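Below: one structure, written as structure tokens.
The values are calculated or read from the model by the stated rules, or taken from the named source; none is laboratory data. Predicted, not measured: the structure shown is a model, and the values here were computed from it. Neighbour counts run over all protein chains shown; Cβ positions are idealised from the backbone, glycine included.
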Amino acid sequence: MNPKLVEITERVRARSATTRARYLSRLAAAPAVTSRSELSCTNLAHGFAASPVQDKLVIRELRRPNLAIVTAYNDMLSAHQPLRDYPEWIKDAAREAGATAQVAGGVPAMCDGVTQGQPGMELSLFSRDVIAMATAVSLSHNMFDAGLYLGVCDKIVPGLLIGALSFGHLPAVFVPAGPMPSGLSNSEKAKVRQLHAAGQLGADALLDAESKAYHSAGTCTFYGTANSNQMLMEVMGLHLPGSAFVPPGTALRRAMTCAAAKRAAEITRQGDSYTPVGEMIDERSIVNAIVGLLATGGSTNHTLHLVAIARAAGIEINWSDFDELSAVVPLIARVYPNGGADVNQFHAAGGMAFVIRELLAAGLMHEEVKTVVGVGLSRYAKVPQLTAAGELVWVDSKPESSDLDVLAPVAKPFSADGGLRLLQGNIGRAVIKVSAVKAEHRVVEAPARVFSSQNEVMAAASRGELDRDVVVVVRFQGPQANGMPELHKLTPTLANIQDKGFKVALVTDGRMSGASGKVPAAIHVTPEAVAGGAIGRLQDGDRIRLDANSGTLTVDLPDSEFSVRSAAVGQLAANQYGMGRELFGVFRNSVGGAEQGAGVFDTIH
């Protein structure tokens, strides 16, 4: 094992000793046989009233497992549209295994791609915790022995997992849908967006290009948060091996969905391999997840989500853990925005099986972890396939990458480090993803232009005011201010400034997520402006230095001057109402900081 991996794992374990023990003690207090044994006859009758006759007989006898299906299905999200048919497949498969399954509940599933730059984006991060609570409500009827969680995208999988961990005595199997077929390449899409941002291409041409990129059922094909979620479910052992990127609408996808249901039944208390998710996800699983994120250049959103997931299991991690692991974990995948390939090309080149095998062989992942298919992460270095007779089997994956431009061995990585850095200095703590940032752009020192919204930035850019070396500061974008929306609209605008030969960087207490690209961006700055963070004291003309190599983010002012400055006051009244935002005031008032996972409930204590 890599000594730094061992050191950080032990540090996380020591840091979390009290809270993890408290969490596990709560799991030990769960019913010893099946939750349904706690129900009265009236309760139970209500619980199976609508079930088919044979299912009623199985549920009432209490001896065989009843599986909860918690689904994020809706047919507006391309990634979730394939989930429509899953419940009936799962119910049939459960019956074949001598079990039953019921749709326990649905959770909301919004699409950040639709809400980017819109008021609804201010609900996006909070939707994760709404989903966690909706998952808990779904499971609260005490009818179930395991959960099958149907979800794919951004906040949805983290929310489902946080909710599942609140019922940590139940086994959990996550069931994905897979990516849409490749359309317009991500690099071509980015070029079109930049041309539109520069005023050189009309809206019709932009919409045509976007429609060619996002054109079918399935997950978007760039390596953003949705596909990073699927990677994480693999390395944390919550999928059946090889599930992440099997396309929807295929025989293999259906077979794996059915197999997930059967496996869920096997790992209940009534089976021979009881695997409660709260025990399965431990400090080693969380460290493996961070390593997977770094090795593949995954979404910066997971510097929030993984923290919140870990806390839901009584485990405390922080950005220093990410930073120190990044120094020893090599980047072995090039998938847009870190490269030109999409996730279909990543999967074809060897995908998750290759990544896991390489990292295990290099001592960069814990092997002896629990998974839904048993102890040992090496099980995930195999790939699923259907035999000629239609039987689902797992076989050894190819020993080498079939496309060295997309997947590289640990011995010859694309980068010696994982490309995710902690920045700290007198402006605060922030994270930066540099895996897509060229070396010559990783240090920027320039005067600041300070804004309170991304629309203000775009207006200034259209007037030519940013055509110079500049550090663009966008504050009052943190979770307490307005729910911490992603600022994707800035990506083509700032890229155009960089392409003109100017030094440009972004500093914000908001998010950029999986689309963080070639412009250096210090994101998630904490403390945020509305909480009294130093970013609120920055002024136009302040000389800011963002140095991703040394891990510093500073303003060139003596502390005696900077610390006594009055903080700016955010004009937040417009963020309080409209598009449902008035319903989320309680979230804005109670949310934690970015490095604590930006959650609205404190699961660590």
Condition (residue is in contact (Cβ under 8 Å) with a residue 12 or more places away in the chain, in a loop (DSSP other than H, G, I, E, B), in contact with an Asp or Glu (Cβ under 8 Å, 6 or more places away or on another chain) and crowded, with 18+ Cβ neighbours inside 10 Å) applied to the stretch 2-20: is it met by at least one residue? yes
Confirm whether residue 252 is buried (at least 21 other Cβ atoms within 10 Å of the Cβ), in contact (Cβ under 8 Å) with a residue 12 or more places away in the chain and either under 29 Å from residue 277 (Cβ atoms) or touching a His at 6+ places or on another chain (Cβ under 9 Å) (or both). no
Among the residues of the stretch 212-268, which ones are of a type in the set (Phe, Trp, Tyr) and at pLDDT 95 or above? 245
Odd one out for residue 430 among (1) surrounded by fewer than 23 Cβ atoms within 10 Å (Cβ to Cβ); (2) modelled with pLDDT of 95 or more: (1)
What number of residues within the stretch 279-337 are part of a helix (DSSP H, G or I), out of contact with any Phe, Trp or Tyr (no Cβ under 9 Å at 6 or more places or on another chain) and β-branched (Val, Ile, Thr)? 4
When (1) at pLDDT 95 or above; (2) touching a Leu at 6+ places or on another chain (Cβ under 9 Å); (3) surrounded by fewer than 18 Cβ atoms within 10 Å (Cβ to Cβ) are applied to residue 544, the one that fails is (3)
Exactly one condition in (1) in a loop (DSSP other than H, G, I, E, B); (2) modelled with pLDDT under 95; (3) touching a Leu at 6+ places or on another chain (Cβ under 7 Å) is false for residue 209; which is it? (1)
For the list (1) within 20 Å of residue 373 (Cβ to Cβ); (2) of a type in the set (Gly, Ala, Ser); (3) crowded, with 24+ Cβ neighbours inside 10 Å, I need the number of the one condition that residue 273 fails. (3)
Can you name the condition, by its number, that residue 107 falls short on among (1) buried (at least 24 other Cβ atoms within 10 Å of the Cβ); (2) in contact (Cβ under 8 Å) with a residue 60 or more places away in the chain; (3) touching a helix residue (DSSP H, G or I) at 6+ places or on another chain (Cβ under 7 Å)? (2)
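Kindly indicate whether any position in the stretch 591-605 is exposed (fewer than 11 other Cβ atoms within 10 Å of the Cβ) and farther than 25 Å from residue 117 by Cβ.
Within the stretch 591-605 (the criterion being exposed (fewer than 11 other Cβ atoms within 10 Å of the Cβ) and farther than 25 Å from residue 117 by Cβ), the answer is yes, since at least one residue qualifies.
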Can you run down the residue pairs with Cβ atoms below 8 Å, 6 or more apart or on separate chains, where the first is in the stretch 209-230 and within 16 Å of residue 185 (Cα to Cα) and the partner is assigned to a helix (DSSP H, G or I) and aromatic (Phe, Trp, Tyr)? 223/346
Condition check: more than 14 Å from the chain's Cα centre (by Cα), over 29 Å from residue 485 (Cβ atoms) and either at pLDDT 95 or above or not basic (Lys, Arg) (or both). Does residue 285 satisfy that? yes
